[in-house]
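One structure is given below, encoded as structure tokens.
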Amino acid sequence: MPTGDPTDAGGRRTTRRTALVVAVVTVVVAVGVGVLALRDETRDDVANAPPPLTTTKVTRADLSDSRSLGGALGFGPERLVKGAGEGVVTRLPKVGDTVARGKPLYWVDDRPVPVLFGGTPLFRTLDKPGLVGSDVRIVWDNLKALGFHTGAQPSRGKDGRKVGAGQAVLTESLVAALRKWQQSVGLEPTGVIGVGQVAVLIGPVRVSAVQALPGDPVAGALLSVTEKVKLVTVPVGATEVGTIPVGATVAVALPDGSEIPAKVASVSHTVRGGGSDGGTGQGSPPTVDVLVAPVRAADVAKLDAAAVQVRFTTTVHRDVLTVPVGALVALREGGHALQLRDGGLVGVETGMFARGLVEITGPGVTEGLDVVTAS
């Protein structure tokens with residue numbers, strides 16, 4: 001038979017097991033705390049580590065300053081054509097008709113009134129050989145362009161005066177050419193041409209409106225004309241139009257989102273707007289119309305009229321050193337610098353800003369230089 005207190009022995013075994021469990025749990029907790037502490041220290045190290053540098057290189061590029069202005073696609077501004085002389089209008093063109101040099105524009109007393117191109121209307125009857133003037137030059141230029149033999153032009157008129165620039169002399173050869181042309185267009189070949197017998201226009205045009213009716217007196221408003229080709233009319237501030245030269249290349253954004261090339265065809269000399277606002281401060285600023293011609297007529301063949309945007313390039317800086325704008329560091333004392341990989345700064349002067357880039361110059365700034373930029 002075993003001796004001693006069984007209860008006491010069981011109690012000792014229970015106590016030893018409890019102590020062992022507590023010890024194990026203590027070790028596990030300690031290890032866990034250590035792991036957590038290590039993780040926290042690792043996270044702190046990562047959080048305190050400096051972010052990686054984003055760098056870029058100094059490059060060479062062409063920078064251009066451009067601006068977009070609203071315009072209207074059509075046939076350009078209308079110009080009123082007035083008749084002169086005496087007689088009754090007997091025939092008129094239709095809207096949409098195009099007019100060519102030497103061809104009739106309208107008829108008076110059943111006689112055609114042909115078109116000549118130029119900037120000076122006939123202001124007198126040309127009936128005496130020896131007359132000198134810009135109106136004679138219009139006749140001489142046009143008959144020559146139509147293929148008629150106009151002869152050579154003398155340097156002086158019959159009175160001995162020197163023929164001025166843009167003028168011509170009514171010579172016998174020119175009178176003979178005038179007779180042949182008159183006969184070819186259905187006029188009496190008199191060799192004499194008077195006010196109202198021709199219509200002088202600036203060039204090929206399209207009839208945009210007809211104001212007169214057959215039977216009206218010829219002396220009055222007859223019709224309106226526009227350019228023969230489609231143009232974009234862009235109102236530009238009168239103080240800014242000097243930055244847009246004739247012949248400059250532009251881009252036209254059409255309503256469907258496509259963009260087509262175009263060129264500046266002409267700049268008007270007429271200023272519109274800018275009148276007195278009566279002290280309200282709401283007067284419209286003065287503008288000048290700039291006409292832009294699409295390079296390819298087919299690009300706008302399906303559009304009769306539309307609102308468009310025209311992008312003008314006003315300034316171009318070619319082959320300049322550039323960096324992204326985010327690479328500029330503003331200095332406390334003013335100005336800008338670039339930050340190098342090692343943290344050093346290089347002072348720069350800034351030029352044109354365009355398309356997220358900036359033109360830079362400065363000692364030590366060369367193409368290919370690595371600099372820090374904002375990410």
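What you get for the stretch 67-146, charging only the Cβ of Lys and Arg (+1) and of Asp and Glu (-1), is a dipole of about 260 debye around the Cα centre.
Accessible-area rank, largest first, for Arg206, Arg341, Arg332, Arg272: Arg332, Arg341, Arg272, Arg206, with all protein chains present and a 1.4 angstrom probe.
Work through the residues other than Val99 whose Cβ is under 9 Å from its Cβ and net out their charges, Lys, Arg +1 and Asp, Glu -1. Its environment carries a net charge of +3. Each part gets one Cα centre, and for the stretch 292-322 versus the stretch 81-143 those centres are 36 Å apart. When you restrict to C-alpha pairs under 8 Å that are six or more residues apart and normalise by the size of the stretch 124-167, the relative contact order lands at 46 percent. Computed from backbone phi with θ = phi - 60° and the Karplus coefficients 6.51, -1.76 and 1.60, the 3J(HN,Hα) list for the stretch 85-93 is x, 10, x, 10, 5, 10, 7, 9, x Hz; x is used for glycine and proline. Near Val81, the amide H atoms lying under 5 Å from its own belong to Leu222, Leu223, Ser224, Val225; only residues 5 or more places off or on other chains count, and H is placed 1.01 Å from N.
Near Asp62: Cβ cut-off under 9 Å, other residues only, Lys/Arg at +1 and Asp/Glu at -1. The net charge is +1. Under a 5 Å amide H cut-off, with hydrogens placed 1.01 Å from N, Val348 pairs with His336, Ala337, Leu338 among residues at least 5 apart or on other chains.
A convex hull fitted to the Cα coordinates of the stretch 155-231 yields 169 cubic angstrom per residue. Taking Lys and Arg as +1 and Asp and Glu as -1, the other residues whose beta-carbon sits under 14 Å from that of Phe117 total +3. For Glu259, Glu86, the ranking by accessible surface with the largest value first comes to Glu86, Glu259, using a 1.4 Å probe. Taking 0.36 nm per residue of separation and subtracting the current Cα-Cα distance, fully stretching the chain between Ile260 and Phe353 would add 31.0 nm. When the surface is traced with a 1.4 Å probe over the full set of protein chains, Asp370 keeps roughly 50 Å² accessible.
Need one number: nm distance between label points at Glu240 and Arg156, each 7 Å from Cα along Cα→Cβ, rounded to one decimal. It is 5.5 nm.
The values are calculated or read from the model by the stated rules, or taken from the named source; none is laboratory data. As the structure is a prediction and not an experimental result, all values here were calculated from the model. Reconstructed Cβ throughout: ideal geometry from the backbone, glycine too, with neighbour counts over all protein chains shown. Surface accessibility is based on the protein's heavy atoms, side chains included, excluding ligands, DNA and RNA. Shrake-Rupley method; radii C 1.70, N 1.55, O 1.52, S 1.80 Å.
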